[in-house]
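Reading through the structure tokens given below for one structure.
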Amino acid sequence: MSTRHVVVLGYGMAGARLAEEIRHRDPDGARVRLTVIGEESHHAYNRVLLSSVLAGSMRADAVRLQDAAWAGRHGVELCLGVPAARIDRAARRVELADGSGVDYDALVLATGSRPWLPPVEGLSADGVLAEGAVAFRTLDDCERILGAARAGAPVAVLGGGLLGLEAARGLAGRGNLVTVVHPMTHVMERQLDPGAGRVLARTLTGLGIDFRLGTAAARYVPGDGLKLDDGSHVQADLVVVSAGVRAETSLAAAAGITVDRGVLVDDALRTSDGRVHAIGDCAQHPGTVAGLVQPAWEQAAVLADLLTGTDTAARYHGTAVVTRLKARGVDLAAVGDTQTGVDDDGAEVLCLDDSARGRYAKLVVRDDRVAGAIVLGVPDAAATIIQLYDRGVPVPGDRLALLLGRSLPAATPSAASPADLPATAVVCRCNTVSKGRLVEAWRAGASTAGELATATRASTGCGSCAGAVRGIADWLASTA
Amino acid sequence: MIRTAESPRPTRRTVDTHCPYCALQCGMTLSRGAGTEVAPRDFPANAGGLCQKGWTAPALLTSPARLTTPLVRVAGELRPASWEAALDLVASRLLEIRAEHGPDAVAVFGGGGLTNEKSYLLGKFARVALGTSQIDYNGRFCMSSAAAAGVRAFGVDRGLPFPLTDLAGADAVLLAGANPAETMPPFLQHLRGAGAKGGLIVVDPRRTPTAEQANLHLAPAPGTDLALALGILHAAVADGHMRQSYADERTTGFEAAWRIAAAYWPEQVERITGVAAADQRRAAELLAGARNAYVLTARGTEQHATGTDTVSAWINLALALGLPGTRGSGFGCLTGQGNGQGGREHGQKADQLPGYRKIDDPAAREHVAGVWGVRADSLPGPGRSAYELLDVLGTEHGPRALLVFGSNVVVSAPRSAHVTERLSALDFVVTADLVLSETSALADVVLPVTQWAEEDGTMTNLEGRVLLRRKALDPPVGVRTDLAVLAGLARRLGQPEGRFPADAETVFTELRAASAGGPADYSGVSYDRLRAGEALYWPVPGEAHPGTPRLFLDGFAHPGGRARFVPVRHTGPAEPPDERYPLHATTGRVLQHYQSGAQTRLVDELNDTVPEVFVEVHPDTAERAGLAEGGLALVSSRRGAVTARVRRVGSMRRDVVFLPFHFPGEARANLLTNPALDPVSRMPEFKVCAVRLSKEDGAE
């Protein structure tokens, strides 16, 4: 079998993962010759962890996905710091900005997305941010933010979505005075209902973050801060822009490949040109939303099956998205349909609002399955609900217990007095000694814990029931 | 009971010994007078404790089920025979089969409960008297993943590379897939310190009696432990707990291991395992914040087709936190069978020679052949691993005859219906057994052998300490030791007089010489030193050497002295649930039974407590399958079905059922299990397979 030349445009989380998945299936390059072209000069890194870098718990070099020698070790040709300029589909060739070109048998677009810059006067010109304003998207952005945000300095975050809040939490944890400006009336409105948004903002306020909701930034003055639509002012030495992203589709569009919000792909991750595939943030598949890593990784696995011929029937059918906020001191998960209200007739909806303790839990059940959920401040319940959602397992009969997780008291409280224990209760597990057996031994003359142990072997194993045996001896003595 | 000073006390002979069951090898005294009784003894491993199995151990010595005469199959039935006739028959059949099909046509299967002397002599018997490469043992189903991972990380495998009493000083202990509250109850005493300090972490899909005592219980979906270990490692690094100086000075390979773990942040791992991200961070924090901490693994995390990698993932975590080779902290695995440690060191494993030597190492072959008085090139090479061996029995390219010592494979091996079929396809099966186990019931010749209290021998416990278990009483008339059986067979197979001694101390003296210079060096251990009460932990490379209670304090056993991180990734169970088999079954143990139950099912007090197989099911899952508490369920997998009594347990995961594997016949949990093998250790995937539940009446 001759090798196919697969060229991957983009060396981010999707492109790097695809390279790994292909080499996992074709370690010696017998089936696929692989070239990866990356615009940034960095080796691929894990964007999900940028908030940890911002929060100061991880060093920048710890978030890299592959070490510098990875490509060489695995026979992958890696070109870094060279943007692609044009795709010539007829010639099956990618032209690079430095004038060189690469021929392909199959091309994969993994070009990701770029930050969307809101129309704020003075914030950017021709797509370039003004001084003192930084997007929160790349490792370089992260280092720029850390360089600019001196401890105690006021910082404004434009955007109260997932990434904006993670950045805000990280910066607040480093000692910055953070204000989040968000044009919607509650934060993370894509994933949360208004109640959860309110509890989350309240929790974050307790961690030192200010919110300006329902108002947008109108003007940015470097060194001073932001003027908002409602006329108020936010002082900021630094503005972090996290107002959303747009799929990077320009190369595809210029090459005449069908593009909507992203590059349209089918279940085989093919674009309108069968020799060109797209995965990750730049791709648009009906089964998922853009901007998250899970779909990109699942797509990479399917595409690797197809490109290496490992499983030509492999198809991508979409990804069930789980939103998890990564912010120290806040535990938030949201899945599926979270906007259905408790008064909806078509679903069973439970909602528990304990904002004073930073807890909010909502469960939307349809056909006995989790259709959606928000779990804030109840970490173990979140873990269970996500598993039920992912696996499509029926929801337990006791919905409320599910929502409460471990905060629910144990179903069988331990008996307060030996008198309340049933006779069949096993007191000593190591030797299978029941309370009834101890009572019998006592009646036969064993009157102390030591004598009970000799007569029944209770407490002679691991010894953890010694207190209970003493308690029973005392109780029997007191009832004698 | 009322005693008077005058009542005559029968004279009792009392001998210090050790329990016949698990690797904790609890110290006990055995006394004989009117009857045989045991009492706990203050020994470091059990500190005066005994569980119900230990207390009732003497019952089997006098059990009516004991075999006291050899049995030979005649016209389809096992009938009593004399020792002479039985051994003559075995030798002549083995010689015939070897002459016709070659030496590898005879296979040997050993056990982790056999003494060091028996393990050693069995390996020698296979390689020298039979000349076969086809020998392996049930420890392959037990310790092999932990052993393989230990060797690749540290250069040598000793279950606990420290005395287990060190655990008492720990502020935090993480148990991965261990349920000592049922499998070795007195061990729990050593965890009390960590528990009192809030640092006992238990990883188990079930809320076991051990998990109930934990300060933090992490319940991953079966088969996802590796991901969980990556998540905790990730949390440890991301939250700043990494011991960088230790990693720099004492290890290699962190970088590559971290590149993989970097893709397993706790929220990602939560989705795979069902363990809350916050709990993963808490586990990392408890271990990292402890002055002294341990990570310990056992079968729950090891008995997977990815068992070796899973143990490596736990070792990586321990290394990142700087635990192994640090006084007062460490990594270890809890060995299961009585001599699970010594049994894996002295040559009954397919790829090993005594002293934990590799059979394909020319220097090792020279040394051992020299001790045995044979030429190195006469020794066969590595043979098949346990399941692979069982799988080819009686096939065109597989062995035609099998000798089984100390194992009940038709109950304890995975996919047991198939294993039964393979055994039945053989021309000739011989077992050495105490009672007529399910495997012996299939044999052509059954040889009755002694038990723990009836013979001398050494055992190496879970911490690598060599123990002398002395003969306390005479065996029933008609019963011989396994050593005597091997000696008698060897002579009949033409081996020179004296090459296969039947005396335990003589065999041990030879074992010492054979192990000298190997990783598990016993050359300085002698019966005299053990009789004098010395606590000897291997290696003991000379009579004057005090032994090695703590390995790795000065360096690891790899050249250069560094421990190795191994880059491992999560792949998940070999058999994911699907529409036909929507649940996962996991198998395990109960307190009252040991291994295949061949011994404990014959002890009334134990068997009355847990007389039959059961299946633990979440009430919701039971409800959906129409199963009532105490009713019968049919649990089916692609390989077979088991009828089991339903126990509705509210703490079970809804997608998991649990069955103990101690029961025979149609109640064998191993009828269900998946023989997918670990590529390194050849461990089968006992702990997770896809099943469905239905009512027993067969209406599915």
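The values are calculated or read from the model by the stated rules, or taken from the named source; none is laboratory data. Values in this document were obtained by computation on a predicted structure and should not be read as measured data. No Cβ is skipped: glycine too gets one built from the backbone with ideal geometry, and neighbour counts run over all protein chains shown.
The table below gives the values:
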{"read-out": "Number of the condition not met by A:T323 [criteria: (1) at pLDDT 95 or above; (2) of a type in the set (S, T, Y); (3) closer than 22 Å to B:R281 by Cβ]", "value": "(1)"}
{"read-out": "Selection within region A:244-270 - within 25 Å of the chain's Cα centre (by Cα) and not in a loop (DSSP other than H, G, I, E, B)", "value": "A:V245, A:R246, A:A247, A:V263, A:L264"}
{"read-out": "Output for region A:469-480, where each listed residue is out of contact with any Lys or Arg (no Cβ under 8 Å at 6 or more places or on another chain) and crowded, with 21+ Cβ neighbours inside 10 Å", "value": "A:V469, A:A473"}
{"read-out": "Test for B:D171: is it more than 22 Å from B:Y522 (Cα to Cα), acidic (D, E) and either at pLDDT 95 or above or assigned by TED's automatic domain parsing to the domain that holds B:P324 (or both)", "value": "yes"}
{"read-out": "Residues being in a loop (DSSP other than H, G, I, E, B), among the hydrophobic types (A, V, I, L, M, F, W, C) and more than 31 Å from the chain's Cα centre (by Cα) - total across region A:214-243", "value": "0"}
{"read-out": "Matching residues, region B:611-630, being part of a loop (DSSP other than H, G, I, E, B) and touching a Phe, Trp or Tyr at 6+ places or on another chain (Cβ under 8 Å)", "value": "B:E612, B:V613"}
{"read-out": "Qualifying residue in region B:673-686 (condition: over 26 Å from the mean Cα position of the chain (by Cα) and acidic (D, E))", "value": "no"}
{"read-out": "Residue selected from region A:23-46 under the condition among the small types (G, A, S) and buried (at least 23 other Cβ atoms within 10 Å of the Cβ), by the criterion farthest from the other protein chains (Cβ to nearest Cβ)", "value": "A:G38"}
{"read-out": "Subset of region A:45-82 (residues that are among the basic types (K, R) and within 25 Å of A:D98 (Cβ to Cβ))", "value": "A:R64"}
{"read-out": "Exclusive hit being acidic (D, E), within 27 Å of B:G398 (Cα to Cα) and modelled with pLDDT of 95 or more, set B:D503, B:D444, B:D456", "value": "B:D444"}
{"read-out": "Single condition A:M184 does not satisfy, out of (1) part of a helix (DSSP H, G or I); (2) surrounded by fewer than 23 Cβ atoms within 10 Å (Cβ to Cβ)", "value": "(1)"}
{"read-out": "Filtered residues of region A:216-252 (kept if of a type in the set (G, A, S) and under 14 Å from A:V134 (Cβ atoms))", "value": "A:A236, A:S242, A:A243"}
{"read-out": "Positions within region A:298-323 being more than 13 Å from A:L269 (Cβ to Cβ), crowded, with 17+ Cβ neighbours inside 10 Å and not aliphatic (A, V, I, L, M), in sequence order", "value": "A:T308, A:T323"}
{"read-out": "Some residue of region B:581-598 being assigned to a strand (DSSP E or B) and within 12 Å of another protein chain (Cβ to nearest Cβ)", "value": "yes"}
{"read-out": "Some residue of region A:109-119 being farther than 21 Å from A:A243 by Cβ and in contact with a strand residue (DSSP E or B) (Cβ under 7 Å, 6 or more places away or on another chain)", "value": "yes"}
{"read-out": "Residues (surrounded by 15 or more Cβ atoms within 10 Å (Cβ to Cβ) and on the phi > 0 side of the Ramachandran plot) located in region A:68-105", "value": "A:R92"}
{"read-out": "Filter result for B:L473 (part of a loop (DSSP other than H, G, I, E, B) and over 26 Å from B:P448 (Cβ atoms))", "value": "no"}
{"read-out": "Only listed residue being polar (S, T, N, Q) and surrounded by fewer than 18 Cβ atoms within 10 Å (Cβ to Cβ), chosen from B:T548, B:T586, B:T571", "value": "B:T571"}
{"read-out": "Of residues in region A:316-328 being facing chain B (nearest Cβ under 10 Å) and more than 11 Å from the chain's Cα centre (by Cα), the one farthest from A:G377 (Cα to Cα)", "value": "A:A320"}
{"read-out": "Within region A:94-106, tally of residues that are touching a strand residue (DSSP E or B) at 6+ places or on another chain (Cβ under 7 Å) and over 19 Å from A:R270 (Cβ atoms)", "value": "6"}
{"read-out": "Verdict on A:V395 being in a loop (DSSP other than H, G, I, E, B) and more than 10 Å from chain B (Cβ to nearest Cβ)", "value": "no"}
{"read-out": "Selection status of A:A455, away from every other protein chain (no Cβ under 14 Å), more than 29 Å from B:R207 (Cα to Cα) and of a type outside the set (F, W, Y)", "value": "no"}
{"read-out": "Number of the condition not met by A:C351 [criteria: (1) in a strand (DSSP E or B); (2) surrounded by 20 or more Cβ atoms within 10 Å (Cβ to Cβ)]", "value": "(2)"}
{"read-out": "Test: residue in region B:35-44 that is more than 14 Å from chain A (Cβ to nearest Cβ) and of a type in the set (D, E, K, R)", "value": "no"}
{"read-out": "Flag for A:V234 being of a type in the set (V, I, T), touching a Phe, Trp or Tyr at 6+ places or on another chain (Cβ under 9 Å) and outside the structural domain of A:A373 (by TED's automatic domain parsing)", "value": "no"}
{"read-out": "Residue match in region B:138-154 (condition: surrounded by fewer than 24 Cβ atoms within 10 Å (Cβ to Cβ), assigned to a loop (DSSP other than H, G, I, E, B) and either within 14 Å of chain A (Cβ to nearest Cβ) or under 20 Å from the mean Cα position of the chain (by Cα) (or both))", "value": "no"}
{"read-out": "Residue in region B:206-230 that is surrounded by the most Cβ atoms within 10 Å (Cβ to Cβ), counting only those that are closer than 15 Å to B:S312 by Cβ and more than 21 Å from the chain's Cα centre (by Cα)", "value": "B:A229"}
{"read-out": "Long-range neighbours under 7 Å by Cβ, at least six apart or interchain, first residue assigned by TED's automatic domain parsing to the domain that holds A:P194 and under 14 Å from A:R212 (Cα atoms) within region A:152-168, second part of a helix (DSSP H, G or I) and among the small types (G, A, S)", "value": "A:V157/A:G164; A:V157/A:A167; A:V157/A:A168"}
{"read-out": "Count - residues of region B:401-446 that are among the small types (G, A, S) and outside any helix (DSSP H, G or I)", "value": "8"}
{"read-out": "Evaluation of B:R645 against (1) under 22 Å from B:Y594 (Cα atoms); (2) of a type outside the set (S, T, N, Q); (3) buried (at least 22 other Cβ atoms within 10 Å of the Cβ) (one fails), failing number", "value": "(3)"}
{"read-out": "Near pairs, Cβ below 7 angstrom, 6+ apart or cross-chain, from region B:175-192 (under 13 Å from B:C51 (Cβ atoms) and at the interface with another protein chain (Cβ under 8 Å from one of its Cβ atoms)) to any residue that is surrounded by fewer than 24 Cβ atoms within 10 Å (Cβ to Cβ) and small (G, A, S)", "value": "B:P186/B:A47; B:L188/A:S464; B:Q189/A:G463; B:Q189/B:A47"}
{"read-out": "Filter pass, B:A633 being part of a strand (DSSP E or B) and under 30 Å from B:D157 (Cβ atoms)", "value": "no"}
